[in-house]
Structure formats: C-alpha cells, structure tokens
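Below is one structure, written out as structure tokens, with a few remarks after it.
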Amino acid sequence: RLVAERRRAALDRVIGVAQDPSLPSLGLCLGVGAPPAELIEPSLLDQLRVPRGYAIDPTGVFKLSVSQDGNASSTRIATAPIFIVGRTHDVLTGTAKRQVMWRTPAGWTTRAIDRGIVMNSQKLVGLSDLEVPVTSNTASTLVEWLSEFEAENMHRFRASQAASRMGWIKQGAVKGFLLPDGFYTLSREMSEESSVELIPPTGMENVLEGWRPGGEWEEWLRAMETMRPYTPMWIALYASAAAPLLEIFGTPSFIVDFNGETSSGKTTALRAAASVWGRPGDNHPTAMYSWDTTKVYVERICGFLCNLPVILDETKRAKDQKTVRDVIYDFANGQGKGRGSPDGTRVTASWRSVMLTSGEAAATSFSQDGGTRARVLSITGKPMGNDPKAGGPVAEELIALMTANYGHLGRKIIHYLASVADQHDQLREIWKQTREHYAAISRTPVTRRHAANLAALHIAASIIHDLGVPLPEEDPMGYCIEAIGRLEEEHDRPLAALIETVSWCSANQNRF
C-alpha cells in the first residue's frame, strides 16, 4: 500500500495536481510557437486545457508517466503539436466533424475531419499524406490523446454547422444559399444557429476555389457592354443565372447546348456563363470543366455544385458518344446512381440546375431518342457572329475582361433571392404564367416541355437586368424560340429516318 501511495503522489507531482489543481492552457504550453491569429484566435487557445497526464509544446505531444522507482518520464506520441479546436455538425448528412489543427513542415494547418476518422487509429493513419504527425506505431496513442483532449474541452469548443455541398440548404431552421465566400440566409436575423460553413468533401477543394469572386463589378459590366450585339452570348448568361431559380420553381434540370463549327465563339459563350459565378479560366481553379472526364467525376461535380450551373466545354473531347448521352440523361434526371458501401448504401448525389455545353456537333446527335431532345435546348450557329474579323477582337477583349473580373453577378442574384424570400410564391406564379405563354406557341409534346425552361430563362433575364446588367441589342428569347422551331422540325425521329432512307434510294436508283 505504501508503494502504491508513493507512486500516486509522484504522479500527482508530475502532472501538477499537488501544486496546482488547475490544468495549463494550450496557449501557455505552446507560447511563441502557437499558431498565428489568422488561423485561430489567441483567446480560444487560452481557453482550451491540456488534459491531465499529457504535455504539449512546440516540439510535439507527450504522455507523462511514473516509473516503478518513482521517477517521472515522458513518451513522445506526436512529433509536432496536434489538437482539436472546434466541432462541426453537417446539416445535410448529420455527420459529426472535428476541426483539427496541427503543424506541418510548411507551417500550421487546420481541417475539418470526420469524427469517425479522428477516433479510429486505422483511419487516422491515412491522414499522414496531409502531414498529420502520425504513424502506424503512434496512431493508437494519438487517438487516446485526441479523445482525452476532446473530453476535457468539449464544453469549450466552438460549435458550428456545415454542409458538404453548395447551393440551397433547407434543413430545419437553416434556410439559405451556400457559396464558398458565405451563407446567404433566408432568415431576417442572422445568428450562429442559422449560419452554415462550407466544408467540401475530399478532392473538391480545388473545385471550390474556382467559384470565388475576383476583380471589379464595374469592369465586368464593361464586358457586358461589349457583348450587347451578340445575341446568342446572352442565352449563356441567362442560363447560368437561371440555375438557382429552378429549385424555387420546382422544375427539372435542363441543358443548353452551343454547337457549330470551330472558332465561332462557343467557348467564349461558356466563359461568359462561368463569369457569373466564378473564374472562367482554362486552368484550375476554374468554374469551367472539360468533357475529357468520367461520368462518376461529372456526377460528383453536379452533386457538389447542386444549384449552380455545370459548364462542360467541347463534347469532342469526351471518351465516347455513350459518355455524352449518359451524362445528359443523368443530369436531366437530377440524381446520380445509387451505390453500395461497406456500411450499406452511400448517399446518392442530387441536384437541380442548368448544364451548359459546347461542341462542333449538337449534343442531341449523340443519342437518337426523343427524350434527350426534350432535355436539351440546342443553340446552333456562331455566338460571336459570322464575321471572324469583327468577332475575333471582341472575343479577345471579352475574355481578358471576364478572366480578371468575375463572380459578382451571381452574388447579387442570390442576395436578391434571399431578400425576397417571402415573395417566392409570387415568383412561382409569374413563372407559371410565363410557362403557359411559351407552351401556347409550342406545337409538339417535346417542345412543350421546353416551355418551363424558356420561362426560367425569361425570369432570370428580368432579374439580372434589374440588377444593372445592360440590355442586349436584340431579344435573346426570340433566338431561343427559333431554336425550338428547328427542334420541332426534327422531333419525329422515325419519320426523319424514313425520309432519309427514301431520299437515298431515289438518289441511288442505278445501284439497285
């Protein structure tokens, strides 16, 4: 008994209980080696406590113990300081996350990590690629440290709500639109309970950076002034602006396809659409993507953007025609494929948005079924006009202005939609009336389905021009109606096939 009492007394002296019943703060232990104030407030470091039996300093994390002879000793369990600074709840999936901070050779870093990973030694080792100070030998003891630290400081952590995708968030009291630079709540009063932070899933960090604003609003408007004579370009702008409206209207996703010969301004039109929300560049980070990808990646992009436009350039870069056909059909359906996981089934991605695409051949040519034509609004021609000598310099000026100034109109659209949240019912009624107007001039069931899409473009145009965007010289909606007219001519695929067959037979009678 005497030996046991002496060992307990020695341990008490080591961990400071005998001299001081209070626990040392994290800020005190790290001292001048603490992370910078840009990453974490010093006051929070002063609130967090180091759990009993552990020590932390700028050189790492140590577990304290007492040997049989009563001497104190410490065992290093991490070669760099690592600790938890906050807890997060995903409002969409219910997943609990922990905001973990650690020091790497390049400096301090912080990341929201699923609690199931933080508290699992086998999964925690996988974070070593992120310079987390963990190895297979120290994973179990590091999990013990993080667990003890969490238990000691749970009531001191700052709790926050998060989501793993952008777009409209409507979960309980949380209602608003989430973008990388902020949450636009539909509530009149902003509070911590109604605020949501965007925490992208693994692999989507680079995608996220392409959707931040840059440059000046006035300079972007100057680009729009330059674009006024080119009517098809405005259809791309309207389609991009209409993406968040589809959720309010409750209408399905649709596709706007720019097709025609090369070097005619199709990619420039997509750049204009991308500049509404983010950077319209060729390289990452960007809000534009290429068809040279897989269906699974496009599905992940669609699920992450959710209510933002999906912009894919050049269908000829797709691996095969089947990829284009499947992507268009799946996108219009608004959800990805169900997939299994070791725990049951994965969460199926869903979205309601507009896809903008381009290519030399029409996207409808990749499939012969009528359902694809009911989902795609095909814009055939040259968005920058028929004169390359006149359109070329204008396109270069547009690209230069939009590459340096972007993302402002999208924020103004969301701010407007959030400010009139109590009038969304009236907005839906206006959309229904506009849809009936366009349906009245349709002559086939396929083109009638496009009436809802034209109504969404019409209302998006009204909103962005009210927000200060200059009017085009000609009405782009008339151009869309002409495109619908061409679609009506080719909607009967069996009849078109029969006509082609008879025509070929008539022209080649001598070959029979």
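Taking the criterion of being modelled with pLDDT under 95 and either hydroxyl-bearing (Ser, Thr, Tyr) or in contact with a Cys (Cβ under 6 Å, 6 or more places away or on another chain) (or both), the residues of region 214-239 that qualify are Thr226, Tyr230, Thr231. Does at least one position in region 164-174 carry a residue that is closer than 30 Å to Pro81 by Cα and either modelled with pLDDT under 95 or of a type outside the set (Val, Ile, Thr) (or both)? Yes: region 164-174 contains one or more residues that are closer than 30 Å to Pro81 by Cα and either modelled with pLDDT under 95 or of a type outside the set (Val, Ile, Thr) (or both).
Within region 109-134, the set of residues being under 18 Å from Phe157 (Cβ atoms) and touching a Pro at 6+ places or on another chain (Cβ under 9 Å) comprises Thr110 only. Criterion applied to Ala139, Ala162, Ala151 was being of a type in the set (A, V, I, L, M, F, W, C) and in contact with a helix residue (DSSP H, G or I) (Cβ under 7 Å, 6 or more places away or on another chain), and the one residue passing it is Ala139.
Per the listing Thr109, Thr75, Thr88, Thr93, the residue uniquely within 35 Å of the chain's Cα centre (by Cα), assigned to a strand (DSSP E or B) and surrounded by fewer than 18 Cβ atoms within 10 Å (Cβ to Cβ) is Thr109. Scanning region 445-474 for residues being surrounded by 17 or more Cβ atoms within 10 Å (Cβ to Cβ) and in contact with an Asp or Glu (Cβ under 7 Å, 6 or more places away or on another chain) gives a total of 1.
Across region 295-338, the number of residues qualifying as touching a residue at least 24 places away in the same chain (Cβ under 8 Å) and assigned to a loop (DSSP other than H, G, I, E, B) comes to 10. The residues of region 165-184 that are open to solvent by less than 20 Å² (accessible area, probe 1.4 Å) and among the aromatic types (Phe, Trp, Tyr), listed by number, are Trp168, Phe177. Please tell me if Trp220 is open to solvent by less than 10 Å² (accessible area, probe 1.4 Å), touching a Ser or Thr at 6+ places or on another chain (Cβ under 8 Å) and within 27 Å of Ala456 (Cβ to Cβ). The answer is yes for Trp220. Of the listed requirements (1) under 30 Å from Ile169 (Cβ atoms); (2) in contact with a Gly (Cβ under 9 Å, 6 or more places away or on another chain), Gly86 misses just one: (2).
Of Val394, Val420, all but one fail to be in contact (Cβ under 8 Å) with a residue 40 or more places away in the chain, over 20 Å from Val310 (Cα atoms) and among the β-branched types (Val, Ile, Thr); the exception is Val394.
Of all the numbered requirements in (1) at pLDDT 95 or above; (2) over 22 Å from His415 (Cα atoms), Lys266 misses one, and that requirement is (1). Evaluated against (1) open to solvent by less than 20 Å² (accessible area, probe 1.4 Å); (2) more than 30 Å from Ile248 (Cβ to Cβ), Asp387 falls short on exactly one condition, (1). A single entry from Thr357, Thr348 fulfils the requirement of being assigned to a loop (DSSP other than H, G, I, E, B) and either open to solvent by less than 30 Å² (accessible area, probe 1.4 Å) or in contact with a Gly (Cβ under 7 Å, 6 or more places away or on another chain) (or both): Thr348.
Can you tell me how many residues within region 117-165 are part of a loop (DSSP other than H, G, I, E, B) and touching a residue at least 24 places away in the same chain (Cβ under 8 Å)? Number of matching residues: 11. I need the full set of residues from region 225-263 which are open to solvent by less than 10 Å² (accessible area, probe 1.4 Å), farther than 19 Å from Leu409 by Cβ and among the hydrophobic types (A, V, I, L, M, F, W, C), in order please. Of everything in region 225-263, those that are open to solvent by less than 10 Å² (accessible area, probe 1.4 Å), farther than 19 Å from Leu409 by Cβ and among the hydrophobic types (A, V, I, L, M, F, W, C) turn out to be Phe254, Ile255, Phe258. If we scan region 166-175, do we find a residue that is aromatic (Phe, Trp, Tyr) and in a loop (DSSP other than H, G, I, E, B)? Looking through region 166-175, none of the residues is aromatic (Phe, Trp, Tyr) and in a loop (DSSP other than H, G, I, E, B). Among the residues of region 1-49, the ones that are of a type in the set (Gly, Ala, Ser), in a loop (DSSP other than H, G, I, E, B) and at pLDDT 90 or above come to 2 in all.
None of Ile255, Ile248 is under 20 Å from the mean Cα position of the chain (by Cα) and farther than 28 Å from Ala162 by Cα except Ile255. Checking each residue in region 417-439 for being out of contact with any Pro (no Cβ under 9 Å at 6 or more places or on another chain), open to solvent by less than 80 Å² (accessible area, probe 1.4 Å) and part of a helix (DSSP H, G or I) picks out Ala418, Ser419, Ala421, His424, Leu427, Arg428, Trp431, Thr434, Arg435, Tyr438, Ala439. I'd like the residue in region 202-217 that is out of contact with any helix residue (DSSP H, G or I) (no Cβ under 6 Å at 6 or more places or on another chain) and open to solvent by 40 Å² or more (accessible area, probe 1.4 Å) and, out of all such residues, is nearest to Trp277 (Cα to Cα). Ranking the candidates gives Arg212 first.
One residue stands out in region 240-263 among those that are modelled with pLDDT of 95 or more and in contact with a Pro (Cβ under 7 Å, 6 or more places away or on another chain): the one that is farthest from Gly407 (Cα to Cα), namely Ala243. Selection within region 220-248: residues that are in contact with a helix residue (DSSP H, G or I) (Cβ under 8 Å, 6 or more places away or on another chain) and outside any helix (DSSP H, G or I). The member of this set that is farthest from Asn333 (Cα to Cα) is Tyr230.
The values are calculated or read from the model by the stated rules, or taken from the named source; none is laboratory data. Since we're looking at a predicted model, the values are computed, not measured. As a convention, Cβ positions derive from the backbone with ideal geometry for all residues, glycine included, and neighbour counts pool all protein chains shown. Side chains included, ligands, DNA and RNA excluded: accessible areas come from the protein's heavy atoms. Shrake-Rupley method; radii C 1.70, N 1.55, O 1.52, S 1.80 Å.
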